[in-house]
Structures are given as structure tokens and as C-alpha cells.
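Right, one structure below, let's go through it.
The values are calculated or read from the model by the stated rules, or taken from the named source; none is laboratory data. Quantities reported herein were computed from a predicted structural model and do not represent experimental measurements. With ideal geometry, Cβ positions are generated from the backbone for all residues, glycine too; neighbour counts draw on all protein chains shown.
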There are 2 protein chains.
Amino acid sequence: MADPTKILLAEDQIPTSWVNVLPELPGGALPPLSPATMEPAGPDDLSAIFPPAVIEQEVSAEHEIRIPEPVREALGLWRPTPMYRARRLEEAVGTRSRIYYKYEGVSPAGSHKPNSAVPQAYYNQQAGITKLTTETGAGQWGSSLAFAGSMFGLEVEVYMVGSSFDQKPYRRSMMRTWGAEVHRSPSDRTEAGKANAAFETGSLGIAISEAVELAAQRPDTNYSLGSVLNHVLLHQTVIGQETIAQLAIAGETPDVVLASAGGGSNFAGIAFPWWREKQRRGLSTRFVATEPAACPTLTQGVYGYDFGDASGLTPLLPMHTLGHGFVPPPVHAGGLRYHGMAPLLSAMVKAGEVEARAVRQNETFEAALTFARTEGIIPAPESAHAVRSALIEAQQADEAGEERVILFLLSGHGHFDLAAYDAYLAGDLEDPEFSAQERDRALAELPQGAPSIA
Amino acid sequence: MADPTKILLAEDQIPTSWVNVLPELPGGALPPLSPATMEPAGPDDLSAIFPPAVIEQEVSAEHEIRIPEPVREALGLWRPTPMYRARRLEEAVGTRSRIYYKYEGVSPAGSHKPNSAVPQAYYNQQAGITKLTTETGAGQWGSSLAFAGSMFGLEVEVYMVGSSFDQKPYRRSMMRTWGAEVHRSPSDRTEAGKANAAFETGSLGIAISEAVELAAQRPDTNYSLGSVLNHVLLHQTVIGQETIAQLAIAGETPDVVLASAGGGSNFAGIAFPWWREKQRRGLSTRFVATEPAACPTLTQGVYGYDFGDASGLTPLLPMHTLGHGFVPPPVHAGGLRYHGMAPLLSAMVKAGEVEARAVRQNETFEAALTFARTEGIIPAPESAHAVRSALIEAQQADEAGEERVILFLLSGHGHFDLAAYDAYLAGDLEDPEFSAQERDRALAELPQGAPSIA
């Protein structure tokens, strides 16, 4: 066992600060715009629903932001997370490359999401807030915030998309186990819910509207978001920083860093600290954001100002988008079915600092199965996109006669996604096509009057 | 962070041998008996279904048995497992005691079971076996063997109790994801299955009969068991050995070591290495096996020879039993619904080396909820018995004005048991009573002609 399979860090090696790439973003940072005025949205537009510390992080010019000690202590329940050398996977596919993966599925909620839920709960508690509202689709973010709320004594009220509420009872039970209230959306508790009562299965857009409406109305209640915004990406950078320490122990530097990209937070979490390391140490590391071919925001979308939500209620964000009215086909990676992409990641792609790759659903599940049967862990369908991407890199390297050091993020486990594996094993898994017509229709509805940034 | 929450070991600290208490068992080791002759069952009785190395371990007089390097490497996918100081739990219940827990839920299958599945798969592969059969109830053991089979290139055929097969589709999917064949029992693939076709919901007894029948018939196929037998308990001793190293880092020795007890393997896994340590170092550590009040084998059973299975097919084992015909009420801790108890653990209880405690279902779920809301991890219902037991110890210590060092085993996570949490949260969880009449009826059917050992 001279060469270990796992590389672990001690608890005092949890990073002490987050990596903020905002001040060095290629092309400079573009502000969100108020939809009413098309003027930059300021802190005042956000203070009804976010605490001061989070608003500050959203626009901070600091290169490093200190992680409060109570947050580090709560992260210590599962961090630092392990990094593995995927020896059995390498052998099974017969590659000469060395594949490493960072595993975030050891968190209580089973994914990277608690990395941001915990500081958000902490900052809200510090600001005297007693309740958080949020929306959840498949349930990953809702469970993470429920868990984080229980750590800091905050009530959590989750609006869960109706169809998921009916189909995913176990994610719902998980949230309740951590003490959260979970409501089926559309509910009769908000004006937004009542106005949309006819849309019985609900949508993420409606659920966001319900959660934001309540937070805006009540002084003791704030709203919490699980991806896309700058502060969420910032909180995820503990992931990449740990891998810098872990690969140093292995005596390696990555040729390529890979993760899946839905809203962008898990990708940013592993990639941004390495991107800074690349600038500082003059590395030649590549970065590849991997998205589903059925919802190819980075590879088939446009770069422009669009609403963050489907209903057109949020400020306009500068990002890659398929149009906020684009409805992705129902692939099982629910966390990647988002029309837009985090502004920070979009800017990195626009500047050519990050590549994008789209992969199909069936090849992704095939890769997930190979991974489960060699490395043991059953990946979440979202995370399986990173597995597939890593195998593509390894194959390209072998074809080019190269040995690459490949680092990817396995963002979560698939314990609540086994119905999707069932469908794959039965040969019933659909492999939905992206509809360029549907995208063009949605892009035609982009908000008018915003400055062009393409 | 001078005092870390987690105590981790490096991969080269995975134990290099297993702790075998058989040669120093108080009262001496009693042999299993052949039901036909009531004579001690010898290796020949087992060679049709077990590989030589396993049979040897079943009766070994060695104090330590070396762990083969390929087994250690496969265990290295998730071992050493973390040990935590439960600071938030201590604070929540306001105890002066210090509570530590070892967490086995980080294994791919989510419990301690792979600790034995991996060496069993390895030894069978070494013996030229190409297929393993087994039975599974709730699915924990079946998934662990499916995972282990995928590590060593063995086919795995699982007979899953019919009612579980219908109600627990996700455990089934998990086994198939790792490449196992899963059959609903009773099946039409065996004589035992056909003979019991009328018992549509199946039983563990029927599933065992199906798996053993196939293994006994085919020279390339063996059978694999997940608890009760000496070799299974032996394989679990990696758990306790790691906690000896981990508590040494914390500078502590435990006043009491606790775990749940169903068949006995997870309890033995943490307790037996500490029991040896107690003899060698003259510690005053107590050991408490914790069982459900609805199936109180150790606290309400008799010590005698009984069949290991419900159908009366296996050799007679010297153990605590409620009678092989005892049908435990349907508590959610499926892994603890067993009429008997591992002979090694039974002998320890008989000799007064290990105490036994029974806890009720609702108080157990209440403890599980407190744990989830403080430590983050949602415990499996089986493991929650150990949580409840630890809280009882802490309370007793506080009442006695003592500070105890409490170590317990959290043997797995509850990701596939959330329906039980739902029932508890809804106030619908039954709290079934143990039926002494039912036990007495079952005890009256104990096999005749075996020597008395009480």
C-alpha cells in the first residue's frame, strides 16, 4: 500500500478562506440588471431577501474571503472530503492516464450542496433571521438547506415542485427528518401559488416565486439559493482548494479538471481554485464543464442577459442561456436541467478559459455503471456526466499516445436516483434530443432592452 | 480546531489482521451440531457451500488472522472509516459524558456488511468459485455481496424475500447496478422455491433454502452468509481495531462500548477488539449489546441449541434464541428481526462479559431524530438502537454524577429507510410489544436431543 487509493486530509486542513475569482474575472464582472429599469441592480434590490454578508460576497473585490470559524466547524462534520485515485476504473478501461476524483457524496445530504447551505444558514442566523425559504426540484438543495438550518437553529420552509413532491417521497422525508417544513408547490400559502393553482405539477419557476414572495414579505425570513449566484460558487471553492493539497500529496498536477455543469456551482467549486493556481504557477491545466446534450447551455446557448428563473421575476443575469422559456427534456439529471449558467462560469467560458462538452444520457449511465462496478460508489446522474467526461479525456489521451492526469468531481451519490438506473438496466432509458427549434423559440423571448454582451 | 470533530486514519492504518476471540472464548467454544446425528458438524458438512479458508476461520485457534493484501486493497475504497466526537449531540442532550461514534455508512453499500462480503468474495474467487448465492431481506447484505462480487469478478445471485422485493425496489436496483442477478423468493428456480410457492410473500428461511440448495448442487457455486457465523464476526473486527487507534489519538479509553445486535456481527466488530484490549490492558470497559424490545433475543431468550434458520435446515448453533419459529413483530429495523444470536456473542453474554439492553421502537426513532438534527447523519433504524443506547448511558452517567467515555457504532445510514422516518414523524409508528406467549410457543419447538448448555 505504498500508493494509497484515497488521499485524506486532517480536519484542520479545511480551507480557512474561500477563493473569489470575481476581481480577476477575464473581461471584468458584469452587473445583474433590474428588469424594471435595465439599470444595474444594487445591494438594495437584494436586502429584502439576503443577509448583508451574502450581498457583500456577491460583489466582493477581495481575492480571499475568510470562512467564519462556526462555518468551518459545521463543515468539519464531513470535510475535508476524500480524493481517490481511480485505479480500478483505469484498469477496467485500460487507460495509461491517471484518473483522480474528489468525492462530495460523504456530506449528510449526499452532495456538494451543503458547502453553501451551511454558510448561508450561518450568515442569516448572524443577521437575526429566524427562518429561511427556498425552492427545490429533485430535492438536493432543499435537503441541504434543511440540514444546514438544523445546524444553526433556523426554521426552513421548502417549496418543492409538485411533480417531484409526488414522485420523490424520500427526499421529502429527509427534509422533514432534519426538521424542515415541506410544501407542495403550487401551494395555497402564497399569491404566486394561488395564481398558478391550475399548473398542478408545478415548476421550479413557480416554487421560486413562492419562496421569494414569503421572504420579501416577512422581516424575520430570508430566501436562500443553491447555485448560479456568485456567493454560492464562492462557498463551493473549498472543494478545489482541498484537491490542491491532496494532489500535492500525490505529487501530481492535473492536465485537465472536469465536473458537470447545471447551474455551475459544483464545477466552479473544483475548477476556480485550480484556475487561480494555473495563473500563479503557470500551469497548462485545461478545464472542461460537462453538460447534458439535452440541455446544452454552454455549447448551444447564447451569451446575453436573461432572467435567472423561468417566470421572469429575478434580476437579469449576464450568462449563457437557452432562453428562460426553454423547457429541457426530462433527463434524469434533474440538477442539470437549467436554461442558464452561473455568470462567473459563463464569463470564463466566454473568455476561453473553460471549455464546454455535452454528453448524452445513455453514454453517461454506461459510464456510471462502469464506475460503480469498479470504484464501488453509485454516482448521482448529475455527477455521472463528469465520469463520462473523464473517460472521454482518457480515451483521447490514449489515442494521442499521451498520459494525462485527470481530476474530476464526483459531486454526489445516486441513492435517491436508483429508478433511473433501473430504467437504464432495463434498456428503457430515453436519450432525448436537444431541440434547436425549442431553443430558438425561447431565445426569441429574451428580455428586450438589455445591453448586448455577446 | 484544536479538538477535531472527526478522527481519521490513513489508508496504511487499515488493520493487517483480524481479531479472533474463539481461542479465548469464556466457557470454551461449543461446536455446531448436525441435525441428523446431533454430533458435532465438521468441515465436511460445510465444504459443499463454503471455501476452505472460510471453513478454517470458522474453527481457527489463531489469535490473529492475517488479512490478505487484495482484501485490504478493496477495503481501502472506504476504510479506515471515520470516528467522530458527537459534540453537537452532547450539547443538545446536555450531558457531561463524552460520546464518540464510529461510522460505517461510508461504505459503498452504506453499512458495515461489506467488511465481510469483500473477504468472502475474495476467498471464493481464490478457491476457483465463479458464482455466489445468498439471500437478503431488507437488502443490506445482498447489496454488499453484489458490490463485493463486482470487485473480484464473481457472479452473484441473490434471493430476495418476496415482500421486500416488492416494497424495496431501490435496494434491488442497487444490487443490479453492481451486476448481481436478483430473484424474487420463492422462485421457480429451486425445489425449495417451488415447494413454497404458496407462501407468496416469502420469508428469510425460504430464501436461505433456495440459495443453499443451488450452492450445494453446483461445483462452481458457493453460498455466502452475512452474519451469525464465526468467520463473519471475525471479518468485522477491523471496525474495533480502528477505533482503538482512533481513541488513542483522542487520548481516551472507553468506559462503555455499544452497538445494536441482530445477528451479532456489527456488535462483535466493534466490541471484540476492545474486549481483548480490556484483558490485556486491565481496562474496566463495559460492553452493551442493544436489541429491539420487539425481538429481545438476549434479554428474553434462552441459551441453547437451535437452528440458525426459520425452516430448520441448518446445523444447530449454540446460542441465545427466541425459538426458530418465533416471528418478530414488523419493526423497521429489519436487520435486527432475527430469532437467534451469533454463538460467539451469545457465549460472551452467557459468561457475563457483555450486557444486553432492549429498547423500544419509538424511543429509538426519537433518538435517531435528535442525532440527525445535531450530527447531520440520518441513521439506519438498526444503528439507531445504538444511538438510543448511548443516550441512556449518558443519562445514567449524569444521574450518577459521572463523566463516561461512551463509544458506539453507527453501523449504517438510513437513505433506504426514510419511509420509517415518515411514519415516525406522522406519529404513525407502531411500538409493537414482545409476545412472551409467542416465544414460549416457539421455544417448545426447540430441536430435541441436543445437549443442554444452559
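For residue A:258, state whether it is outside any helix (DSSP H, G or I) and buried (at least 21 other Cβ atoms within 10 Å of the Cβ).
yes
Test residue B:79 against the criterion of being surrounded by 23 or more Cβ atoms within 10 Å (Cβ to Cβ), under 24 Å from residue B:247 (Cβ atoms) and within 14 Å of chain A (Cβ to nearest Cβ), and give yes or no.
Yes, satisfied.
Please go through (1) assigned to a loop (DSSP other than H, G, I, E, B); (2) in contact with a Lys or Arg (Cβ under 8 Å, 6 or more places away or on another chain); (3) without any contact (Cβ under 8 Å) to a residue 24 or more places away in the chain for residue B:422 and return the number of the only condition it doesn't satisfy.
(1)
Which one of the conditions (1) without any contact (Cβ under 8 Å) to a residue 60 or more places away in the chain; (2) closer than 30 Å to residue A:310 by Cα; (3) more than 10 Å from chain B (Cβ to nearest Cβ) does residue A:341 fail to meet, given that it meets all the rest?
With respect to (1) without any contact (Cβ under 8 Å) to a residue 60 or more places away in the chain; (2) closer than 30 Å to residue A:310 by Cα; (3) more than 10 Å from chain B (Cβ to nearest Cβ), residue A:341 is out only on (1).
Which count do you get for residues in segment A:358-377 that are within 12 Å of another protein chain (Cβ to nearest Cβ) and in contact with a Lys or Arg (Cβ under 7 Å, 6 or more places away or on another chain)?
The total comes to 2.
For every residue, the table says whether it meets (1) in a strand (DSSP E or B); (2) within 19 Å of the chain's Cα centre (by Cα); (3) not hydrophobic (A, V, I, L, M, F, W, C).
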site: A:365; (1), (2), (3): no, no, no
site: A:373; (1), (2), (3): no, no, yes
site: A:385; (1), (2), (3): no, yes, yes
site: A:388; (1), (2), (3): no, yes, yes
site: A:398; (1), (2), (3): no, no, yes
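Look through segment B:300-310, keep the residues that are touching a Lys or Arg at 6+ places or on another chain (Cβ under 8 Å) and surrounded by fewer than 23 Cβ atoms within 10 Å (Cβ to Cβ), and return whichever of them is farthest from residue B:358 (Cα to Cα).
B:303
Could you pull out the residue among B:419, B:380 that is within 14 Å of chain A (Cβ to nearest Cβ), surrounded by fewer than 21 Cβ atoms within 10 Å (Cβ to Cβ) and of a type in the set (A, V, I, L, M, F, W, C)?
B:419
Among the residues of segment B:6-23, what is the count of those that are buried (at least 19 other Cβ atoms within 10 Å of the Cβ) and either within 23 Å of the chain's Cα centre (by Cα) or in the same structural domain as residue B:238 (by TED's automatic domain parsing) (or both)?
Count: 7.
Within segment A:8-23, does at least one residue satisfy the condition of being of a type in the set (A, V, I, L, M), away from every other protein chain (no Cβ under 14 Å) and part of a loop (DSSP other than H, G, I, E, B)?
Within segment A:8-23, one or more residues are of a type in the set (A, V, I, L, M), away from every other protein chain (no Cβ under 14 Å) and part of a loop (DSSP other than H, G, I, E, B).
Got a sec? Which of B:59, B:71 is closer than 24 Å to residue B:127 by Cα, within 14 Å of chain A (Cβ to nearest Cβ), modelled with pLDDT of 90 or more and surrounded by 14 or more Cβ atoms within 10 Å (Cβ to Cβ)?
The unique qualifying residue is B:71.
Residue-wise test of (1) of a type outside the set (A, V, I, L, M, F, W, C); (2) at pLDDT 95 or above; (3) surrounded by 21 or more Cβ atoms within 10 Å (Cβ to Cβ).
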| site | (1), (2), (3) |
| --- | --- |
| B:264 | yes, yes, yes |
| B:283 | no, yes, no |
| B:288 | no, yes, yes |
| B:298 | no, yes, yes |
| B:312 | yes, no, no |
| B:319 | no, yes, yes |
| B:330 | yes, no, no |
| B:335 | yes, no, yes |
| B:355 | yes, yes, no |
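Enumerate the helices (runs of 4 or more DSSP H) found wholly within segment B:42-125, keeping only those where 3 or more residues are closer than 29 Å to residue B:25 by Cα.
Result: B:43-46, B:52-59, B:69-75.
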